[in-house]
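The values are calculated or read from the model by the stated rules, or taken from the named source; none is laboratory data. It should be emphasised that the depicted structure is a prediction, and the values quoted were computed from it without experimental measurement. When we count neighbours, we look across all protein chains shown, and the Cβ atoms used for this are built from the backbone with ideal geometry, even at glycine. Note: areas computed on protein heavy atoms with side chains; ligands, DNA, RNA excluded. Shrake-Rupley method; radii C 1.70, N 1.55, O 1.52, S 1.80 Å.
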There are 4 protein chains.
Amino acid sequence: MELGLIGLGKMGGNMRERIRRAGHTVVGFDHNAEIADVHSLGELVESLSGPRVVWVMVPAGDATQATIDELATLLSPGDVVVDGGNSRWTDDEAHAAQLAERGIGFVDCGVSGGVWGLENGYALMYGGDAADVAKVQPVFDALKPEGEFGAVHAGKVGAGHFAKMVHNGIEYAMMQAFAEGWELLEAVDSVTDVREVFRSWQEGTVIRSWLLDLAVRALDDDEHLASLRGFAQDSGEGRWTVEAAIDHAVPLPAITASLFARFASRQDDAPQMKMIAALRNQFGGHAVESTQK
Amino acid sequence: MELGLIGLGKMGGNMRERIRRAGHTVVGFDHNAEIADVHSLGELVESLSGPRVVWVMVPAGDATQATIDELATLLSPGDVVVDGGNSRWTDDEAHAAQLAERGIGFVDCGVSGGVWGLENGYALMYGGDAADVAKVQPVFDALKPEGEFGAVHAGKVGAGHFAKMVHNGIEYAMMQAFAEGWELLEAVDSVTDVREVFRSWQEGTVIRSWLLDLAVRALDDDEHLASLRGFAQDSGEGRWTVEAAIDHAVPLPAITASLFARFASRQDDAPQMKMIAALRNQFGGHAVESTQK
Amino acid sequence: MELGLIGLGKMGGNMRERIRRAGHTVVGFDHNAEIADVHSLGELVESLSGPRVVWVMVPAGDATQATIDELATLLSPGDVVVDGGNSRWTDDEAHAAQLAERGIGFVDCGVSGGVWGLENGYALMYGGDAADVAKVQPVFDALKPEGEFGAVHAGKVGAGHFAKMVHNGIEYAMMQAFAEGWELLEAVDSVTDVREVFRSWQEGTVIRSWLLDLAVRALDDDEHLASLRGFAQDSGEGRWTVEAAIDHAVPLPAITASLFARFASRQDDAPQMKMIAALRNQFGGHAVESTQK
Amino acid sequence: MELGLIGLGKMGGNMRERIRRAGHTVVGFDHNAEIADVHSLGELVESLSGPRVVWVMVPAGDATQATIDELATLLSPGDVVVDGGNSRWTDDEAHAAQLAERGIGFVDCGVSGGVWGLENGYALMYGGDAADVAKVQPVFDALKPEGEFGAVHAGKVGAGHFAKMVHNGIEYAMMQAFAEGWELLEAVDSVTDVREVFRSWQEGTVIRSWLLDLAVRALDDDEHLASLRGFAQDSGEGRWTVEAAIDHAVPLPAITASLFARFASRQDDAPQMKMIAALRNQFGGHAVESTQK
């Protein structure tokens, strides 16, 4: 089939390659003309025969909105837009409604795979009407990993991004689990080779997992991670997961703790701990450490 | 080689079988005479040629202590005792010192594998002197999974149980991660098939893992887990992990949250939340729910 | 001065009384005609001489929005609207902008005090331009507690509700602190009179506070809180506090834990703990408790 | 009455003064001869008429144990030892049993008050047999604050230190509550005077408390706490509170979060966050920050 693909960055570029390897035609657009196949959204739309499928793979928020705004004016009834970026699930319904006014279908798709996706395939979670999903199915089949798993029609519009968001929330807590365990093992004298403990866990344990394999790989590069700063960004999806949980009154203590650990890692000198120090000093005369030393 | 194995319960019985399949001789003792090969520790010790290796696989605490007390009087210098039970790592040094007075070696070994161990092998983490470990090595090789992973000499006496304990702490937080994510997905209307979302995650995602596979298996048995109560025991090792972290001033927010979630799951009517309700009523006149309704 | 007051419920009714006791004229409107002084917003506006100050004390969200919509059509340039309800701080800027189009000023005001406010005064946190605040000042002075504390011009529009929201977030964690401590004291055998321990803490301790006084009062009513269910609602402001923290990447572990404890208290059979039970059963053959017992 | 007081440091010295002001005789011993009244425990014991009451106010652990060991050999049946230090509650039963062998009574007493105690009185929580407590009562009455509160016979031996420990656990979470709220207020632009917000909360709010008063005092010294490092020690009692909760399967999410926040505040470059950074880099190619910049 033919696919229009907007956004050829780290993710989009590899996805174009994987879809082409599966025998499909991909017309790619990017603001970077050197990597683009066409040089405007208009040209992209004209180059596809209908019903068209156009996959948007640009940053969530303004860039995605602007692209959908333009596609709404260019596409025809019966065409389908897929938002494969990291949009907040709450944006999806608005995008679907905006496009539906023109008779254009909408499918939201969460994509996992990162730098490993080109070779191993991308995990896909998508939401939308069955008829719209069916038009995109050959592309989903090309992108997904081989085997029976890796792609799911999760539900209505928004369900794809929601499922991907929850995947990332789970990922936060799993990473935090390994990180906490690793720090504790490194802290005790009796355990003399933490890296080998991690390596051994890759078989026969309850915690064997791809993240564990990656941890071993990281420790093989740098046994005590001495070259790294203890500093972690967060990408938005962890925040949204907590917000969604609050909306539904679902307690998420481990995932939220993982998010907060990242926030705290980015504070050189946490304001809240200044207040703790100040209060201890006030009531107990406990020594404080001054910043002027 | 020959091994004396004390404790032939769910774990020990399967371990005897797996070691025998590897061609070793196992003399097993259990208080249940029907499954025992010998009927006293004395008989067990006499039936082995030296240097003897005796593996203790009985409940941690009093039962393990009593067994080691008796072995200390029966074994000879150069023999080795392995504690493969779930002992607290802090017991190991005392056991090693007690046996060392008699010239008997000691190795602690954390064993993971559960009901899957007989077929897939057991993950093993052991601690002790290299010479003692060497005497047990053929048994470790028989028990561990095939392949290059699954067994590790983690360090000094105590390191085996410590590493296994941390493994379990990580396990707590990973389970909590999937549990939180599952509850959130079940809470939203747009995601219409949570089980298929979980199933799809088994390939191509960051969170693919054995625990995820087990979650899918559980959901295949009972799609919404309607037949289960939301009630979880804890086995001691999660508690010890948090205590060890406190000893070393290591923050473990996700693992501790997971432990506390289990505590809370066992409270029908949490006392602390009665106090919250009482305080809200005091200052705001907020309605309370009476137990007498 | 003259004040129009819209909403004469539990809070508004008492506030009318307190303002009148200070010698001001209050014209109150409520949908309940029996307690209202006037019977429409139009009548209320006409009964005040300009520049008018109208205080809105109705439920946040739709009711507040509808009231502001109507006031925007009735009031005149130079008048001021005060939103004293529990609006989300993010609504305040929109309300201010909407009214500013008509030349009407806007002040947001967080009010604390509950059932105790009539006698003790209400703590007030307000935000807005100094000129607008000045028009409301006599009312603030009437409502606030005697003494030098209890009222603050916290900053720009939105700052009042934001400060009140954070007050409530702090309140959540303080309540949780006492609740956790109380449950732990109740759990140990050696402490034979927990209520007297709490009572004693009211002087000389670091934790002496009004909430502690209220806890003692609650325990005097019911020593072990046996008549209450361990069940706590949340009012929205705890949720907003966590959301605001996420927006600003501020870690709030204690406040969030307190919010989640309330969520969990409302779950009879937590779905996430069903998943924990299911996983334990899958890998370890651990017994599960069935709902069919 | 007469009291022997061992340990005349910051706490003990002020306590001697307060007890003397109440008209009692205090014979004080300290290793610092300049501040001591007598120069050995033997001299202290001889200078008191029986039945003697000796109050131990030295660091918990080895120093307290050594003092009790020596007193056990010097005192007579019917005398009473009070441990007023910060001993772990689990030590109290052993001390009571050790002294009981000689017919000597034992009372444990948690003391709160810090640098404010001399003037305002000390909050006291004590445990032990009624007959032993009665012998110490005049001293308790001298130390406690004026008024009806501030001292409690909490229960059996150990109950005093347990109650004080829980007091400190509650204190940790209350401090964290204010600290989190303060950081969040400081993070938003609309709130232009956080210090005045805190000041205003001292009347009419739910969260009015001595800790709030101290926070205002600290902010008056240094409005943004700019001169302090965000670094907080912990004194042991927070750790013990969490350990006691684990022993009793009581979830303490807010108190534990507060303890972990202190641990984290003391890590310049948290090892666990290095692992998070490493994993993000492994699966996503996310940039890491090197320590070699």
Being at pLDDT 95 or above, facing chain D (nearest Cβ under 7 Å), buried (at least 24 other Cβ atoms within 10 Å of the Cβ) and on the phi < 0 side of the Ramachandran plot is the requirement here; does C:Ala151 meet it?
no
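Taking A:Gly4 as the residue in question, decide whether it is out of contact with any Cys (no Cβ under 7 Å at 6 or more places or on another chain), closer than 17 Å to A:Val136 by Cβ and part of a helix (DSSP H, G or I).
Here the answer is no, as A:Gly4 does not meet what is asked.
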Check whether at least one residue in the stretch A:59-71 is over 20 Å from A:Glu171 (Cβ atoms), within 14 Å of another protein chain (Cβ to nearest Cβ) and part of a helix (DSSP H, G or I), and report yes or no.
no
Regarding the stretch C:181-204, can at least one residue be identified that is closer than 23 Å to B:Leu185 by Cα and modelled with pLDDT of 95 or more?
no
Is one or more of the residues making up the stretch C:201-217 of a type in the set (Asp, Glu) and touching a Gly at 6+ places or on another chain (Cβ under 6 Å)?
yes
For the stretch D:124-144, enumerate the residues that are buried (at least 23 other Cβ atoms within 10 Å of the Cβ), over 17 Å from the mean Cα position of the chain (by Cα) and not in a helix (DSSP H, G or I).
D:Gly128
For the stretch B:180-225, name all the residues that are buried (at least 20 other Cβ atoms within 10 Å of the Cβ) and of a type in the set (Ser, Thr, Tyr).
B:Ser190, B:Ser200, B:Thr205, B:Ser209
State yes or no: is C:Glu93 open to solvent by 30 Å² or more (accessible area, probe 1.4 Å), within 10 Å of another protein chain (Cβ to nearest Cβ) and among the acidic types (Asp, Glu)?
yes
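Kindly evaluate D:Val107 against the criterion of being closer than 22 Å to D:Trp240 by Cα and surrounded by 23 or more Cβ atoms within 10 Å (Cβ to Cβ).
Yes: the conditions hold for D:Val107.
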Here is a check on your reading of the model: is B:Ser87 assigned by TED's automatic domain parsing to the domain that holds B:Val136 and exposed (fewer than 15 other Cβ atoms within 10 Å of the Cβ)?
no
Identify, from the list C:Gln267, C:Gln282, the residue that is open to solvent by 10 Å² or more (accessible area, probe 1.4 Å), in a loop (DSSP other than H, G, I, E, B) and not aliphatic (A, V, I, L, M).
C:Gln267
Residue among C:Val206, C:Val216 that alone is assigned to a helix (DSSP H, G or I), farther than 30 Å from B:Asn14 by Cα and not polar (S, T, N, Q):
C:Val216
Test A:Leu5 against the criterion of being farther than 23 Å from A:Glu146 by Cα, surrounded by 15 or more Cβ atoms within 10 Å (Cβ to Cβ) and not polar (S, T, N, Q), and give yes or no.
no
If B:Glu17 satisfies every condition in (1) farther than 22 Å from B:Ala142 by Cα; (2) assigned to a helix (DSSP H, G or I) but one, which is the exception?
(1)
Where a residue in the stretch C:189-202 is under 17 Å from D:Ala130 (Cα atoms) and its partner, wherever it lies, is among the charged types (D, E, K, R) and open to solvent by less than 10 Å² (accessible area, probe 1.4 Å), with Cβ under 9 Å and at least six apart
C:Ser190/D:Asp92
Collect the residues in the stretch A:165-197 that are more than 7 Å from chain B (Cβ to nearest Cβ) and either of a type in the set (Val, Ile, Thr) or assigned to a helix (DSSP H, G or I) (or both), keeping them in residue-number order.
A:Met165, A:Asn168, A:Tyr172, A:Met175, A:Ala179, A:Trp182, A:Glu186, A:Val194, A:Arg195
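In the stretch C:215-255, which residues are at positive phi and aliphatic (A, V, I, L, M)?
Hits for the stretch C:215-255 are C:Leu225, C:Ala249.
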Residues located in the stretch C:242-273, provided they are of a type outside the set (A, V, I, L, M, F, W, C) and either farther than 13 Å from B:Ser265 by Cβ or in contact with a helix residue (DSSP H, G or I) (Cβ under 8 Å, 6 or more places away or on another chain) (or both)
C:Glu243, C:Asp247, C:His248, C:Pro251, C:Pro253, C:Thr256, C:Ser258, C:Arg262, C:Ser265, C:Arg266, C:Pro271, C:Gln272
Would you tally the residues in the stretch D:20-31 being open to solvent by less than 70 Å² (accessible area, probe 1.4 Å), under 20 Å from D:Ala63 (Cα atoms) and assigned to a loop (DSSP other than H, G, I, E, B)?
1
Hits in the stretch C:208-218 (condition: free of Cβ contacts under 8 Å to residues at least 12 places away in the same chain and within 7 Å of chain D (Cβ to nearest Cβ)):
C:Arg208, C:Trp210
Is the stretch A:155-162 home to any residue that is modelled with pLDDT of 95 or more and surrounded by fewer than 24 Cβ atoms within 10 Å (Cβ to Cβ)?
yes
Go through the stretch B:233-263 and count every residue that is assigned to a helix (DSSP H, G or I), open to solvent by 40 Å² or more (accessible area, probe 1.4 Å) and without any contact (Cβ under 8 Å) to a residue 40 or more places away in the chain.
2
Selection within the stretch D:69-84 - surrounded by fewer than 24 Cβ atoms within 10 Å (Cβ to Cβ), under 23 Å from C:Ser190 (Cβ atoms) and of a type in the set (Val, Ile, Thr)
D:Val80
